Amino acid sequence: MINGEVVRLRALRAQDLEHHVRWRNDMEVAHWAAAGDPAFGPVTAEAVGLGFDVMLALNPRESAVFTIEDLTDGTPIGMADYRDLDPFARVATVGLTVGERDRWGKGHGSDALRLLVNHLFGTLGLHRIELDTWSGNERALRAFAHAGFREEGRRRDAVLVAGERYDRVLFGMLRSEWPGAALRNVRTGK
C-alpha cells in the first residue's frame with residue numbers, strides 16, 4: 001500500500017470488480033473519465049470481468065492497476081494505473097478515475113495522482129510520465145497542472161462528446177520536474 005494525505009493506492013483485488021462495474025455504468029463518471037466513450041461504459045459485469053482477470057495478472061514491470069481507497073474509511077473510490085511502460089526509455093502513461101462522485105473536488109484525485117507519480121519516479125526510476133484528457137474536463141486540466149504536469153500539445157477536435165468537438169490535451173512530466181526530485185536528491189546525494 002502507498003499512503004497519501006487523503007487516499008491510499010493498493011493492489012487491485014478480485015472483490016474490486018463490483019466497484020469497477022458500478023463506476024463504468026455511471027454515465028457521469030464515464031462522461032468525465034472517458035469523454036463518454038462507449039468503450040468505457042455502459043458495460044456488462046461479464047465484459048468487465050474478462051478485462052478484470054487480465055488486470056489482476058498484470059506484470060508490474062509493464063503496467064499495473066491500483067485501487068484508490070479513502071483513508072478515512074477504507075472505501076474504494078477509484079482506480080489509478082500506469083501502462084505502456086518502456087523500460088529502455090523509462091517512460092509510462094498514467095490514468096486515473098475517481099468513481100465515487102461524492103469524493104469529487106475534494107483532493108482525492110490529486111492525492112492519488114501525486115502518489116502514483118512518486119511511485120513511478122521514486123520506486124521505478126522512470127524518466128518521463130505522460131497522460132491526457134479532453135479539453136472539456138477542466139477539473140482534470142487543473143489537477144494535472146497543479147501536480148506539475150506541463151501541457152505539451154493538443155490534438156485538435158479529436159474528441160466527440162454529446163455532438164460537440166473537443167481537443168485531446170497531452171501532458172508530460174520529466175523526472176527533473178518532479179516536485180519530489182529535490183528531496184530525493186538531498187537524501188541520496190545526487
- Item | Selection from segment 19-46 of residues that are small (Gly, Ala, Ser) and farther than 20 Å from Val94 by Cα | Ala45
- Name the single residue, out of those in segment 33-43 being surrounded by 12 or more Cβ atoms within 10 Å (Cβ to Cβ) and of a type outside the set (Phe, Trp, Tyr), that is nearest to the chain's Cα centre (by Cα). Ala33
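Yes or no, residue by residue, for (1) in contact with a strand residue (DSSP E or B) (Cβ under 7 Å, 6 or more places away or on another chain); (2) over 13 Å from Ala64 (Cβ atoms); (3) part of a loop (DSSP other than H, G, I, E, B):
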position	(1), (2), (3)
Leu85	yes, no, no
Phe88	no, yes, yes
Thr93	yes, no, no
Leu113	yes, yes, no
Ile129	yes, yes, no
- Go through (1) under 17 Å from the mean Cα position of the chain (by Cα); (2) open to solvent by 20 Å² or more (accessible area, probe 1.4 Å) and name the single condition Ala158 misses. (1)
- Query: Glu151 fails exactly one of the following numbered conditions: (1) out of contact with any helix residue (DSSP H, G or I) (no Cβ under 9 Å at 6 or more places or on another chain); (2) assigned to a strand (DSSP E or B); (3) under 15 Å from Met173 (Cα atoms); (4) open to solvent by 60 Å² or more (accessible area, probe 1.4 Å). What is the number of that condition?
  - Reply: (1)
- Pull up segment 80-116, narrow it to residues that are open to solvent by 30 Å² or more (accessible area, probe 1.4 Å) and either among the acidic types (Asp, Glu) or touching a Phe, Trp or Tyr at 6+ places or on another chain (Cβ under 7 Å) (or both), then point me to the one that is farthest from Arg142 (Cα to Cα). Asp86
- Message: Being assigned to a helix (DSSP H, G or I) and either over 23 Å from Ala64 (Cβ atoms) or of a type in the set (Gly, Ala, Ser) (or both) is the requirement here; does Gly109 meet it?
- Response: yes
- Residue list for segment 57-71, filter: modelled with pLDDT of 95 or more and open to solvent by 30 Å² or more (accessible area, probe 1.4 Å): Leu71
- Task: Give me the pairs, please: first residue somewhere in segment 93-107 and within 20 Å of Phe40 (Cα to Cα), second residue anywhere and open to solvent by less than 30 Å² (accessible area, probe 1.4 Å) and hydroxyl-bearing (Ser, Thr, Tyr), beta-carbon distance under 6 Å, and either six or more positions apart or on two chains.
- Result: Val94/Tyr82
- Message: For the condition out of contact with any Leu (no Cβ under 7 Å at 6 or more places or on another chain), in contact (Cβ under 8 Å) with a residue 40 or more places away in the chain and open to solvent by 30 Å² or more (accessible area, probe 1.4 Å), what is the one hit in Leu141, Leu124, Leu131, Leu170?
- Response: Leu170
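The values are calculated or read from the model by the stated rules, or taken from the named source; none is laboratory data. Here the structure is a predicted model, which means the values were calculated and not measured. Glycine also receives a Cβ, built like all others from the backbone with ideal geometry; neighbour counts cover every protein chain displayed. When the accessible area is computed, the model is the full protein with side chains, heavy atoms only, and any ligands, DNA or RNA have been set aside. Shrake-Rupley method; radii C 1.70, N 1.55, O 1.52, S 1.80 Å.
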